[in-house]
1. Using modelled amide H (1.01 Å from N, peptide plane; none on Pro or chain starts), what sits under 5 Å from the amide H of LEU186, excluding residues fewer than 5 places away?
2. Using label points projected 7 Å from each Cα along Cα→Cβ, tell me how many nm separate GLU119 and GLU182, to one decimal.
3. How far, in nm, would the chain grow between VAL33 and ILE192 when pulled straight, counting 0.36 nm per residue and subtracting the alpha carbon separation?
4. So, counting K/R as plus one and D/E as minus one, what does the shell of residues with Cβ under 14 Å around GLN132 add up to?
5. Separation between the VAL26 and VAL80 pseudo-spin-labels, each 7 Å from Cα along Cα→Cβ, expressed in nm?
6. Taking θ = phi - 60°, what integer Hz values does the Karplus form 6.51 cos²θ - 1.76 cosθ + 1.60 yield along region 115-120, in sequence order, with x for Gly and Pro?
7. If I stretch the segment between ALA152 and LEU87 completely, what's the gain in nm (0.36 nm per residue apart, minus their alpha carbon distance), one decimal?
8. Amide H neighbours of ILE81 under 5 Å, counting only residues 5+ apart in sequence or on other chains, H built in-plane at 1.01 Å?
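What follows is calculated from the coordinates using simple rules that are stated; it is not laboratory data. The shown structure was predicted, so the numbers you read here are calculated from the model rather than taken from an experiment. Glycine gets a Cβ as well: all are built from the backbone with ideal geometry, and neighbour counts include every protein chain shown.
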Amino acid sequence: MRRRRHGRDKEAPELDITAFLNLMVVLVPFLLVSAVFSRVTILELNMPSGAGGGAPDDPTVTVEVVVRKQALEISDGEKVIARFPNLNATEESETVQPDVTVVEADGQNTDLAVLPTAEVYDLKKLTEFLLQVKASYPEKTDSILLMEADIAYEHLVGVMDTVRGAEVRVEGSDPNDPSAVEKVILFPDISIGDAP
């Protein structure tokens, strides 16, 4: 009697991965094209120098913008030369914030009430005043931005953008003409510190 050897004579079947490779050839470019890449913007800042630090552009002129809850103040380093009140401040000088509360899954309340900077501070008046200062001192590029402790980050960035530069419409141009607006660099070298 002969015994049959079924398992020993058979070769191992070859694994066909052609369909899988075809899927990868199509899937990888699709995922790369549809991926959302985040853009990181870096704001370059100068830290306030100490007593023995570097000298400013013009030692006789200092541009300080102090951001307080009640107002924006511009000073020359010694005294306040301009003050623009908070647009949402009441007579008691309290800031009015909208009531926006979100209840998260864990039951905790989270306040998301941050108004746009232009609705809290009068950035147009700040821009006009800084343009006057820039006209008086065209070579000056440094400024100091001082903030109170509980000012929102969005307001910090909004005021910094205003101090850095402004868009100015050319005199006598058509108000609907977007090419008549030019970017003016004001004080791009900003140092940040705490308000006194």
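1. Sorted by chain and number, the residues that satisfy this are GLY165, ALA166.
2. It is 3.4 nm.
3. 53.3 nm
4. Neighbourhood net charge equals +2.
5. Each label point is offset 7 Å from its Cα along the Cβ direction, giving 6.8 nm.
6. Per-residue couplings from phi come out as 6, x, 4, 5, 8, 9 Hz.
7. Full-extension gain reported as 21.8 nm.
8. Residues meeting the amide H criterion: ILE74, SER75, ASP76.
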